[in-house]
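This report concerns only the one structure given below.
The values are calculated or read from the model by the stated rules, or taken from the named source; none is laboratory data. Computed from a predicted model, the values in this text were never measured in an experiment. Counting neighbours? That spans all protein chains shown, and the Cβs are built from the backbone with ideal geometry, glycine included.
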């Protein structure tokens, strides 16, 4: 039975796309067929982590929403970009990074029903075990739809007062939309913090499970989105935490 | 209104039948749906009465479901579920779709609102910048 997992954060810059890319790569490393769809139409970026160049993008999510192609035609097999030791598959459905196409979708809107059909068609057409949805930060229509159809939702936050408040809103929305499984990932935590205390505090505040408290990492910063961290540093503490997140999302 | 769809799949009817329905029927269906006013926005799910939200949530998750399946999923009587579905159809949030003589219920989403910026937005911004100059 396939699973749909959304990764969301109320604010930008929390590491949402990095979490999506790493968890999807680790799941593909376990032999699963994983689809990753970038619904951050306004500010797409996850393709960079998978090393997908603009000229390699034959079709994008935008093309599908405008009826120019089937959703599976916009899926790019990026498994080979991840490295040799991937036994499964990773397919990326990018959003267009052409300024004119971003402007067009913002100006003209699109059929939300088509997006819902696209999620389900993708799972069938590519025989996916997991579809991961990288969402736009905050709450908009595609984000709410993604959360509503998800079997599991990871909410990414930093230990920051603004994130605390915004995460509360997202948790409330997810509960209203009856998401069967909800976990929180606390990311970019300063090393000086007591991680156990952060976990306890967040779990108590939202009555939700914390899948991992991830430390701020210089290696991650230095990688600067030039690849998927878990593939570059398979034995790193952060990679182990991503494994933990993957396990909790699939539970 | 019930929409009829011809399918190309085998004997086992499931949600995939709707997805696999012939391309032209599907396109016609989408065109017809676009001509209808309103439709569901995911935002509507947040302030909908719980009974309606629970049913429509199942419909969205399955991307199309039959009355008896949704009643079983929600552990409700078929009569109660049918009443809720009728209300959702009445509100324009759900459509009935006929697949091989069986009625399926599918969410009817409206088009995401266009974001129309006034053509004078740039001159308005220029005015603000001018006003804010010391």
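Return a yes/no flag: does the range A:133-141 have any residue that is at pLDDT below 95 and at the interface with chain B (Cβ under 8 Å from one of its Cβ atoms).
For the range A:133-141, residues at pLDDT below 95 and at the interface with chain B (Cβ under 8 Å from one of its Cβ atoms): present.
Give the residue, chosen from B:85, B:45, B:67, B:52, that is surrounded by 16 or more Cβ atoms within 10 Å (Cβ to Cβ) and facing chain A (nearest Cβ under 9 Å). Lay out the reasoning, then the answer.
On the way: B:85 fails: facing chain A (nearest Cβ under 9 Å); B:67 fails: facing chain A (nearest Cβ under 9 Å); B:52 fails: facing chain A (nearest Cβ under 9 Å).
Exactly one residue qualifies, and that residue is B:45.
Restricting the first residue to the range A:103-121 and requiring it to be more than 7 Å from chain B (Cβ to nearest Cβ), which pairs with a second residue that is assigned to a strand (DSSP E or B) meet a Cβ separation below 7 Å and a spacing of at least six or different chains?
Sorted first by the residue in the range A:103-121, then by its partner, the pairs are A:119/A:4; A:119/A:131.
Filter the range A:66-94 down to residues that are within 14 Å of chain B (Cβ to nearest Cβ), in contact (Cβ under 8 Å) with a residue 40 or more places away in the chain and either under 22 Å from residue A:45 (Cβ atoms) or touching a helix residue (DSSP H, G or I) at 6+ places or on another chain (Cβ under 6 Å) (or both), then give me how many there are.
Number satisfying all stated conditions: 3.
Would you say residue A:148 is touching a residue at least 24 places away in the same chain (Cβ under 8 Å) and assigned to a strand (DSSP E or B)?
Details: touching a residue at least 24 places away in the same chain (Cβ under 8 Å): yes; assigned to a strand (DSSP E or B): no.
Criteria not met by residue A:148.
Restricting attention to the range A:59-113, report how many residues are out of contact with any strand residue (DSSP E or B) (no Cβ under 8 Å at 6 or more places or on another chain), buried (at least 20 other Cβ atoms within 10 Å of the Cβ) and not in a helix (DSSP H, G or I).
Adding up the residues that qualify gives 2.
Determine which single condition residue A:172 fails, assuming it passes every other condition in (1) without any contact (Cβ under 8 Å) to a residue 12 or more places away in the chain; (2) more than 14 Å from chain B (Cβ to nearest Cβ).
(2)
Can you report the number of residues in the range A:9-37 which are more than 20 Å from residue A:220 (Cβ to Cβ) and part of a strand (DSSP E or B)?
4
Just wondering, is there one or more residues in the range A:36-56 that are in contact (Cβ under 8 Å) with a residue 60 or more places away in the chain and on the phi > 0 side of the Ramachandran plot? Before you say what the answer is, go through the steps one by one.
Our first condition is that a residue be in contact (Cβ under 8 Å) with a residue 60 or more places away in the chain; within the range A:36-56, this holds for A:36-43, A:45-46, A:48-51.
The next check asks that each one be on the phi > 0 side of the Ramachandran plot; those that pass are A:51.
Checked against the condition, which is being in contact (Cβ under 8 Å) with a residue 60 or more places away in the chain and on the phi > 0 side of the Ramachandran plot, the range A:36-56 yields at least one hit.
Out of the helices (runs of 4 or more DSSP H) lying entirely within the range A:155-238, which hold 2 or more residues that are more than 17 Å from residue A:10 (Cβ to Cβ)?
Values: elements: A:161-176, A:195-206, A:218-223, A:229-232.
Once the helices (runs of 4 or more DSSP H) in the range A:155-238 are filtered for at least 2 residues that are more than 17 Å from residue A:10 (Cβ to Cβ), what remains is A:195-206, A:218-223, A:229-232.
Consider residue A:132 against the criteria (1) buried (at least 22 other Cβ atoms within 10 Å of the Cβ); (2) in a loop (DSSP other than H, G, I, E, B): it satisfies all of them except one. Which criterion is unmet?
It fails just one condition, (2).
Filter the range B:99-121 down to residues that are at pLDDT below 90 and surrounded by fewer than 16 Cβ atoms within 10 Å (Cβ to Cβ), then give me how many there are.
11
Do we have residue A:156 as touching a residue at least 24 places away in the same chain (Cβ under 8 Å), within 14 Å of another protein chain (Cβ to nearest Cβ), buried (at least 20 other Cβ atoms within 10 Å of the Cβ) and under 20 Å from residue A:42 (Cβ atoms) here? Don't jump to the end; show me each part of the working.
Values: touching a residue at least 24 places away in the same chain (Cβ under 8 Å): yes; within 14 Å of another protein chain (Cβ to nearest Cβ): no; buried (at least 20 other Cβ atoms within 10 Å of the Cβ): yes; under 20 Å from residue A:42 (Cβ atoms): yes.
Considered against the rule, which asks whether it is touching a residue at least 24 places away in the same chain (Cβ under 8 Å), within 14 Å of another protein chain (Cβ to nearest Cβ), buried (at least 20 other Cβ atoms within 10 Å of the Cβ) and under 20 Å from residue A:42 (Cβ atoms), residue A:156 comes out as no.
Answer with yes or no whether residue A:185 is surrounded by 19 or more Cβ atoms within 10 Å (Cβ to Cβ), more than 14 Å from chain B (Cβ to nearest Cβ) and more than 19 Å from the chain's Cα centre (by Cα). I'd like the intermediate steps shown before the answer.
Details: surrounded by 19 or more Cβ atoms within 10 Å (Cβ to Cβ): yes; more than 14 Å from chain B (Cβ to nearest Cβ): yes; more than 19 Å from the chain's Cα centre (by Cα): no.
Here the answer is no, as residue A:185 does not meet what is asked.
Of all residues in the range A:1-43, how many are crowded, with 19+ Cβ neighbours inside 10 Å, out of contact with any helix residue (DSSP H, G or I) (no Cβ under 8 Å at 6 or more places or on another chain) and over 24 Å from residue A:213 (Cα atoms)?
Residues meeting the conditions: 2.
Across the range B:70-82, which residue is farthest from the other protein chains (Cβ to nearest Cβ) among those that are surrounded by fewer than 17 Cβ atoms within 10 Å (Cβ to Cβ) and outside any loop (DSSP other than H, G, I, E, B)?
Residues of the range B:70-82 surrounded by fewer than 17 Cβ atoms within 10 Å (Cβ to Cβ): B:72-75, B:77-80, B:82.
Next, only the ones that are outside any loop (DSSP other than H, G, I, E, B) stay: B:72-73, B:78-80, B:82.
Details: B:72: 17, B:73: 12, B:78: 21, B:79: 23, B:80: 18, B:82: 21 Å.
Here the residue is B:79.
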